[in-house]
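Rule-based calculations on the coordinates, nothing more; no lab input. Since the model is a prediction, treat every value here as computed from it, not as a measurement. No Cβ is skipped: glycine too gets one built from the backbone with ideal geometry, and neighbour counts run over all protein chains shown.
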């Protein structure tokens, strides 16, 4: 066919097979590249799945409690200590646990546990190793609520999140390429920094496999990038193709209807997927969606707007509008609320609801002195200029709506006609507020903020059973085995299967370029 094998991607679960192929995963003799057995003049790289490595790194931190960085790294980046401590993130989770406006929404103690049921969840790892978590820890340090040592943990989380972005990019903007040479150089330097950090860090109990895997995967990607970009003259390289997400996606789509399919069912379902290129994102899975396009999508129907009857039986007169926010409100919640206010303005502009440039400029806080509640917004400005600091009039208006929604939540959590609530109570109550804009944008801001916050508050108020967010099983494969074992068909109806060889190439992928 003329295809050239560039890399083998696997989850590093079968080291014996890798050794037999010529690779080596031992600490002192890492070998991630071998000559192609068919053509010795061509190299073949082995890439540990970055998603599995990322999850293993988070679990290593949770299980061992701390990581000690090398003193050279501490001195070079001006870190206050050399300890990356999981207790810092646990303190943050406890600090915000009962808040309606959290510094890191969705972060729970379950995400910080190293149980078998949660350790294979990509979403759980992304909640912990996240730039938002890093910004929240730094925010606590600046506020004087925690020691400066928290900043080292914040730095490490930011570094590893950036590493994961570079190692699993699926679009040209985040891909490795020479379109912007300065950005490309910074990306390669960051990958080399991660290699240095993991090579010299110290973890309780000695050298860990995850250290070898991080170094192994990063070195392999750097050499593949040089081979494809500089030698083969590729315009860019999407490192997301060097993951096993595509196999996990297809596997889950095959087994979504029948967790234990027969060979014929598997073949038929695989044929349908191959012809239509139709896949679906399964929210409760343990992996990332591979982002494949659906070329022939005959299963998706247009969303028909639901026309539910107005809730005439709901007594809106029982909801009393509170005209002022109490003084005992937590300061960090106001800082998060200020950031959300800016997001509302940006979202209306992106949706082409708020188009007047003069109005947008008048909603922006342009004074030399920063707004008193803008600290968290500035710390989360990961892309310079992406955040929107609003004027105090917008903040006070939306802050008051936020307070009333929290007070009303026990009564309105199951309300379906939110538009009636907005029209009958919220808009009349906020009529006295005036914004210095040339167009009437206040009602648009009020409606957008109320809808967004009501959905968030109502979801956070649901029980775990009502959310039905995930199962207690670690993966779709484990779920399939569970269903097959407990709800299998009678033995007479099961098609006999041939026993698979022990040394199979299960979950190992060959990528062609």
Sorted on mean Cβ neighbours within 10 Å (highest first), peptides 450-456, 351-357 come out as 450-456, 351-357
For segment 184-248: rounded, prolate or oblate by the Cα gyration tensor [a/c cutoff 1.5]: oblate
Provide the gained length on full extension for the span residue 318 to residue 440, in nm with one decimal, where the gain is 0.36 nm per separating residue minus the Cα-Cα distance. 41.0 nm
Provide the FRET efficiency to the nearest 0.05 for the residue 419-residue 178 pair, computing r from the beta carbons and using R0 = 51 Å. 0.50
Of all DSSP beta bridges located in segment 1-85, what percent are antiparallel, nearest 5? 65
Roughly speaking, what is the centre-to-centre gap between segment 413-430 and segment 4-47 when only Cα atoms are used, to the nearest Å? 61
Full extension between residue 274 and residue 406 adds, at 0.36 nm per residue less the Cα distance, a length in nm of 42.7 nm
Using only Cα atoms, what Kirkwood radius does segment 1-144 have, in angstroms? 18.3
Taking a ≥ b ≥ c as the square roots of the Cα gyration tensor eigenvalues, with a/c under 1.5 meaning rounded and otherwise prolate when a/b beats b/c or oblate if not, segment 383-464 comes out oblate
If you average over every viewing direction, what projected area does the convex hull of the Cα atoms of segment 342-400 give, in nm²? 4.4
Whole-percent pair-distance distribution, where bins are 10 Å wide, for the alpha carbons of segment 319-424: 13, 39, 34, 14, 0
With the radius of gyration and the Kirkwood radius both derived from the Cα set of segment 16-59, what is their ratio Rg to Rh? 1.06
Please compute the length gained on full extension between residue 460 and residue 3, using 0.36 nm multiplied by the number of residues separating them and subtracting their Cα-Cα distance. 159.5 nm
Quickly work out the residue 21-to-residue 36 label distance, labels modelled 7 Å from Cα along the C-beta direction, and quote it in nm with one decimal. 1.5
Determine, for each peptide in 201-207, 187-193, the mean count of other beta carbons within 10 angstrom over its residues, then list the peptides with the highest first. 187-193, 201-207
